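The values are calculated or read from the model by the stated rules, or taken from the named source; none is laboratory data. Bear in mind that the values here come from a model prediction, so they are computed numbers and not experimental data. Glycine gets a Cβ as well: all are built from the backbone with ideal geometry, and neighbour counts include every protein chain shown. Note: areas computed on protein heavy atoms with side chains; ligands, DNA, RNA excluded. Shrake-Rupley method; radii C 1.70, N 1.55, O 1.52, S 1.80 Å.
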Amino acid sequence: MISPFKQRWTNRDKSFNEEDARRVKQPHNNPLVIMLTIKGFNTKRILVDNDSSADIIYLPAFQQLKLRLCPFDSPLVSFSGDMVYPKGIVTLTVTVGTYPRQLTRQLDFLVVDCPPSYNVIIGRPTLNRWKSATSTYCLKVKFPIENDVGEVKGDQVLARECYQAVLAAKENHTWVIKEKEEYKVEALETVELVKGEATKTTRIGTMLSPRMRTRLVQFLKENLDVFARSHEDMLGISLEVIQHKLNVDLERKPVQQRRRVFVPERNQAITYEVNKLLSASFIREVYYPDWVMSFELKNAGATYQRLVNKVFNKQIGRNMEVYVDDMLLKSKEELGHLDDLKETFATLREYQMKLNPSKCVFSVASGKFLGFMVSQRGI
């Protein structure tokens, strides 16, 4: 017996013509955005993506269904090499098309917690199961049903709204799945290093696996001594490691600059910052017979670069890049990143160097370094 699907689903049925595109405003480059009935609810903002290897429902849409999740451990990988770990997997009843030319199937969706421009992404698994044909020019999906062909039309107005939302996500530097052209800065999560102390926090990436996130946070909490919240927490680098020297002629009298006058608010801020540097011995007062001069080290940057080159000599070029006080620790594998962090923290502790946790970002798949985007694919 011949299946009616095979008998009726012909090449002619799969084709599209100008009649299919009659109500579509041309020319256009709009994505194919449709509406489906999911678990009895009419669900809009559904992107049909032939390039996606998974069917995805975003967390805000899933939460409205009030269903339980099954665990799912494998990551999703974007074209830029970034990874996101789904919250879980769920099986949903989905109906495509309108009565009587409609199709109902049980479909598996990965639940993803990312800033969504869409509610759902229909990828190759479902499109293949529907035995469907798609046309982005006509903004339409066709699929075989018993003795007939069903179809669902795209919503061009809604497609443009979703596209504008994607552009807004790019401007806000949020991570968007399936963007081929540009790199994005990963969204960040703030974590407390000391429970109940909101000032002692740092930031980590949001695309870590649950296991890696737990291990990373625990590692950071166990190494609080490497962090400094103020200048007073910094012990200073041993003079045996490196010294900063001023090349001056001791026989010449220094030139005294004319005292500048600032508005009270600015003068107060300057005094506060100078006192912090004085208390940490970053600058000092030099006394002469008839006056006092406060100064800072104008060429300290070059000395600091020599310092980090010496301190991180075994890591630079292997798993670290350093430019003055901008440090990038790079790892090929997620779990191997903890070993690289342990090596770096051991070096920091050995030379009494400190990190400012509020300026640190740990374990991101991509980000900016010295104005360049860096990811697993390179710079």
Strands (runs of 3 or more DSSP E) lying entirely in the range 57-135 (those with 1 or more residues that are open to solvent by 20 Å² or more (accessible area, probe 1.4 Å)): 88-98, 101-112, 133-135
Residue check for ASN319: surrounded by 14 or more Cβ atoms within 10 Å (Cβ to Cβ), closer than 18 Å to LEU220 by Cα and either of a type in the set (A, V, I, L, M) or in contact (Cβ under 8 Å) with a residue 24 or more places away in the chain (or both): no
Output the qualifying pairs, or none if there are none: Cβ atoms under 6 angstrom, residues six or more apart or on different chains, first residue in the range 360-379 and of a type in the set (A, V, I, L, M), second residue at pLDDT below 70. VAL364/GLU186; ALA365/ASP82; ALA365/GLU186; MET373/TYR183
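When you go through GLU197, GLU171 one by one, which is the residue that is of a type in the set (Asp, Glu), out of contact with any Cys (no Cβ under 7 Å at 6 or more places or on another chain) and at pLDDT below 75?
Numbers: GLU197 fails: at pLDDT below 75.
After ruling out the rest, the residue left standing is GLU171.
If you check VAL324, VAL364, which single one turns out to be of a type in the set (Val, Ile, Thr) and under 16 Å from ARG213 (Cα atoms)?
Values: VAL324 fails: under 16 Å from ARG213 (Cα atoms).
Result: VAL364 is the single residue among VAL324, VAL364 that is of a type in the set (Val, Ile, Thr) and under 16 Å from ARG213 (Cα atoms).
Can you confirm whether VAL152 is at pLDDT 80 or above and assigned to a loop (DSSP other than H, G, I, E, B)?
The answer is no for VAL152.
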Residue under evaluation ARG160, criteria (1) within 30 Å of the chain's Cα centre (by Cα); (2) of a type in the set (Lys, Arg); (3) part of a loop (DSSP other than H, G, I, E, B), criterion not met: (3)
Scan the range 339-354 and tell me whether some residue there is open to solvent by less than 40 Å² (accessible area, probe 1.4 Å), farther than 21 Å from LEU216 by Cα and in a loop (DSSP other than H, G, I, E, B). no
Can you list residue pairs whose Cβ atoms sit under 9 Å apart, with the first residue in the range 193-205 being free of Cβ contacts under 8 Å to residues at least 40 places away in the same chain and the second being open to solvent by less than 40 Å² (accessible area, probe 1.4 Å)? Count only pairs 6 or more apart in sequence or on different chains. VAL194/THR201
Taking the stated definitions as given, is ILE34 modelled with pLDDT of 90 or more and under 25 Å from the mean Cα position of the chain (by Cα)? no
Flagged in the range 198-214 as part of a helix (DSSP H, G or I) and under 21 Å from VAL77 (Cβ atoms), in numbering order, are PRO210, ARG211, MET212, ARG213
Could you say whether any residue in the range 260-277 is open to solvent by 70 Å² or more (accessible area, probe 1.4 Å) and at pLDDT below 75? no
